[in-house]
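> This is the structure I have questions about; it appears just below.
Please treat every number below as a calculation from the coordinates, not as lab data. In this text, all values refer to a predicted model and were calculated from it rather than measured experimentally. A quick note on method: Cβ atoms are made from the backbone with ideal geometry, for glycine too, and the neighbour counts reach across all protein chains shown.
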Amino acid sequence: MDRVIRIICVGNRYSGDDNAGPLVHDQLAGMPLPAGVELVDGGLAGLNLLRFVDGAERVVFIDSVTYIQPGVVVLAGQDIAALKPSDYDHAGGLSYLLGVLPEVCDGQVPEVLIVGVAGDVDQEKLAAAAHTSIALAVEGAAGVRDCVPCDSPGGQV
Amino acid sequence: MSTTPTIAAPVTHTATTTLNIPLNRVEGDLQIRVEVRDGHVTDAWSSGTMYRGIENVLRGRGALDGLVITPRVCGICNTAHLMAAAKALDALGQVTPPPDAIRVRNLTLMSEHIQSDVRQAILMFMADFANPAYRELPLYEEAVARYAPLKGRSVIEAIRHTKHMLEIVAILGGQWPHSSYMVPGGIASAPCLEDLQQCRHLLRGYRVWYERQILGCTLDRWHAVRSLADLDAWLDECDTHRNSDLGFFIRFAQLIGLDSVGRGHANFLSFGQLDLPAETDVRGFGDDTARLVPAGFARGTQVTEFDQANVAEHIAHSWFEGYEGGKHPFHGVTRPYASGGEGQKYTWAKAPRYDGLPAETGPLAEFVIARHPLFTSMVESDGPNAFARELVRLVRPAALIKPMERWLNEVTPDGTFYTRPKRIEQGQACGLTSATRGALGHWVRIADGKIEQYQIITPTAWNGSPRDSDDVRGPWEEALVGTPVKDPDNPVEVGHVVRSFDPCLVCTVHSIRGPNRHTARIL
């Protein structure tokens, strides 16, 4: 049986600078998703999202980011590996999850990609993030093409 | 516990130094400011730097909306908030949930507790044992091997095993976090036989791991530890005990004199939690007949009956306006006021008081109020301290697992899980329970079917409160006074004291800070 692909939207919809993930989730929830792709409203579950990562073939996280310019950025491969994990707090946080993932994941570690929304959220960005996440879910890192590394001007979607 | 107080080996500072410490490894945003003189903390201020305001979000909404919105107060204690919201609505609807609904509610809350207790101890508290401040200690290398963030072997094992506990909430409550499956009168769906079997399997697996790695003994062997002498004997009994995470915690705590710091006011508060259903084999701690964990207030170990009418919140030193003195939460006001009061107001946390007194809450408070012999004797002999608080947190799952097993076996899939409440149009009530970190209360007033007033007092509001209208420090502010600070650039001792309360401020922002070549930071 094929392993599942998940799009996990994280953030706090009550916090204006951290609500991109939940708002993209709302858009994706109204769109048809490709077969084999599941959508998860990850909220602030942080490390507790581990059970949604276990057993997946690929996971695309969507979250708010700070970046040198507003837009939608994609992190993959070495960009994610180079992120400095934060200390653990009760929520664990996405960075902590990514830091311990190779050690604590049940089964094969999935491919991980991050779609980041930088700057003030608007409908254009939310739509771009939603469509980017679907493309990445289907194609994986191969679908990144113009997006990484994130400090490259080409990193803007 | 015999100690060699290596914590208490401060360098001498003749001048007063002020340290502002943004404390990591806590939930939300917490800043501690301490004054240090002659190598000891002489005063402390605790500042919660994020505004919550959920109370104001709730006003004017439908009577039941608290069931959906208040679990969003915290991504970790969300089942506790759901429980508090549901209990308030039970009271407003004049209904008692059926026994099986009470069992299921309890099971989900207990799953949160036993997961969070172990994670806090291993990932948040004992991470400080791997602090370079202790590199000269004989147990340091072993502490690093066990508790270094992201890679310590106990850290990895704790994550691997605790991650399964919340599946019990998801199975019984439909989702975790932010489940809303509790409703006034019971729960929204009945678990089937397979659900219950799966929960038993998950709990069994957790128990086996907890006994092997955390305790190093069976639950029954641990429950035989009833005094400080028993604790010493348990530790000396075998290498399995000494090398478990509990055994290592005790040995390291002895080396650094953890029982010599963090005394505080020695006032304890429990709202009580985990109502006992009718016809259960589970007995309440301290023979309480209403709940597994009794309610009460204690000065030292002198326990008195709890009455929620004695709760009041002060805002003299908080970034709020609208009243002087204390207000009972039914009459509370949450009006943010971030300007003005310069030098006097320093936190978004209000200052809850019980009968006018600050009180710490959490597992130690619950065990003292339940008159647990070990922890009562510890408080009687040395007062509360960082060692006692963290020890009880590490062993609380041992007290909860067996009641969980019994309740899982008592639930009948074809049972009754809902009793229709009366229509909720008018009235006021409170829902009192305990989150993992201590007493949690929701005070609600309904008018014309809408929420007219909603006040939430969280455990960290109690523990991390600022000074009140009489300028009396909050619990961990007081507990910090006298703490030795050996190195002002690395005040690990301050962290021990504050973390022993398991701080949990508002869930707001999580962050990834990118490496040098990146500027990405995930909020």
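> Please give the FRET efficiency for B:Arg423 paired with B:Asn56, using the beta carbon to beta carbon distance and R0 = 22 Å, rounded to the nearest 0.05.
For B:Arg423 and B:Asn56, the calculated efficiency is 0.30.
> So if I place +1 on the C-beta of Lys and Arg and -1 on the C-beta of Asp and Glu, and nothing else carries charge, what would the dipole magnitude of the protein assembly as shown be about its Cα centre? I want it in debye, nearest 20.
I would put it at about 420 debye.
> Is the shape of segment B:249-390 best called rounded, prolate or oblate, per the rule: a/c under 1.5 gives rounded, else a/b larger than b/c gives prolate, else oblate, with a ≥ b ≥ c the square roots of the Cα gyration tensor eigenvalues?
Working: a/c = 2.63, a/b = 1.35, b/c = 1.95.
Judged from the Cα gyration tensor, segment B:249-390 comes out oblate (a/c at least 1.5, b/c at or above a/b).
> Based on alpha-carbon atoms only, what is the radius of gyration of segment A:5-155 relative to the globular estimate 2.2 N^0.38 Å?
It is 0.94.
> Scan chain B and note any complete DSSP helix (H) whose C-alpha atoms cover at least 15 Å along its axis and whose Kyte-Doolittle average is 0.5 or more.
Span-like helices here: B:78-92, B:245-256.
> Next question, about the same structure. What does the charge dipole of segment A:1-60 about its Cα centre add up to, to the nearest 20 debye, if the Cβ of each Lys and Arg holds +1 and the Cβ of each Asp and Glu holds -1?
Magnitude of the dipole: close to 100 debye.
> Where nothing but the Cβ of Lys and Arg (+1) and of Asp and Glu (-1) is charged, how large is the charge dipole of segment B:17-522 around its Cα centre, in debye to the nearest 20? Can you show the working numbers first?
Working: 53 positive and 60 negative charges, 273 e Å.
Using Cβ point charges on Lys, Arg, Asp and Glu, segment B:17-522 gives about 1320 debye.
> Expressed in nm², what is the orientationally averaged projection area of the convex hull enclosing the Cα positions of the protein assembly as shown?
It is 28.9 nm².
> Same structure, new question: For segment B:17-522, report the translational diffusion coefficient in µm²/s to the nearest whole number, using Stokes-Einstein at 20 °C, 1.002 mPa s, and a Kirkwood Rh over Cα pairs.
Translational D for this selection: 93 µm²/s.
> What number do you get for segment B:148-275 when its Cα radius of gyration is normalised by 2.2 N^0.38 Å, N = residues?
Working: Rg = 19.0 Å, N = 128, 2.2 N^0.38 = 13.9 Å.
Here the Cα radius of gyration is 1.36 times the empirical estimate.
> For the pair B:Glu452 and B:Arg135, what calculated FRET efficiency results from E = 1/(1 + (r/R0)^6), where r is the Cβ-Cβ distance and R0 = 56 Å, to the nearest 0.05?
Efficiency computed from Cβ-Cβ geometry: 0.45.
> Further question: Put a dot 7 Å past each Cα toward the Cβ at B:Asp382 and B:Glu142; how far apart are the dots in nm?
Computed distance between label sites B:Glu142 and B:Asp382 equals 1.9 nm.
> For peptide B:147-154, compute the average count of partner chain beta-carbon atoms within 10 Å of each residue's beta-carbon.
Per-residue shielding by partner chains comes out at 2.
> Let me ask another. Please list, by residue number, everything in segment B:260-283 whose backbone N is under 17 Å from a paramagnetic label point 7 Å out along Cα→Cβ of B:Leu357.
Output list for this probe position: B:263-272.
> Sequence-distant or interchain residues sharing an amide H contact under 5 Å with B:Gln428, placed H: which?
Distant-sequence amide H within range of B:Gln428: B:Ile446.
> Shifting gears a bit: Need one number: nm distance between label points at B:Glu410 and B:Asp471, each 7 Å from Cα along Cα→Cβ, rounded to one decimal.
Taking the simple label geometry, B:Glu410 and B:Asp471 are separated by 5.1 nm.
> Hey, another quick one. Please name which of B:Pro97, B:Leu394, B:Gln115 has its Cα lying farthest along the dipole of the protein assembly as shown towards the positive end, using unit charges on Cβ (Lys, Arg +1; Asp, Glu -1) and the Cα centre as origin.
The one lying farthest along the dipole's positive direction is B:Pro97.
> Taking each residue in A:58-70, count the Cβ atoms of any other chain within 10 Å of its Cβ, then average. What number comes out?
Across the residues of A:58-70, the mean count of other-chain Cβ atoms within 10 Å is 3.
> Another one. Going by average Cβ neighbours within 10 Å, how do the peptides B:392-404, B:180-192 rank, with the highest at the top?
Highest-to-lowest ranking by the protection proxy: B:392-404, B:180-192.
> What nm distance separates the two modelled labels at B:Arg160 and A:Asp54, each placed 7 Å from Cα along Cα→Cβ?
In this crude spin-label approximation the distance works out to 1.2 nm.
> Return a whole-number percent for the relative contact order of chain B, with Cα pairs under 8 Å and 6 or more residues apart as the contact set.
On the way: 1144 pairs, mean separation 131.5, N = 523.
Value for chain B: 25 percent.
> Let me ask something else. Report ³J(HN,Hα) in whole Hz for each residue of segment B:450-461, in order, from the Karplus equation J = 6.51 cos²θ - 1.76 cosθ + 1.60 where θ = phi - 60°; Gly and Pro get x.
Taking θ as phi minus 60°, the curve returns 10, 6, 9, 8, 9, 10, 10, 10, 8, x, 6, 4 Hz for segment B:450-461.
> I'd like the mean, over residues of A:8-18, of how many other protein chain beta carbons sit within 10 Å of each residue's own Cβ.
4
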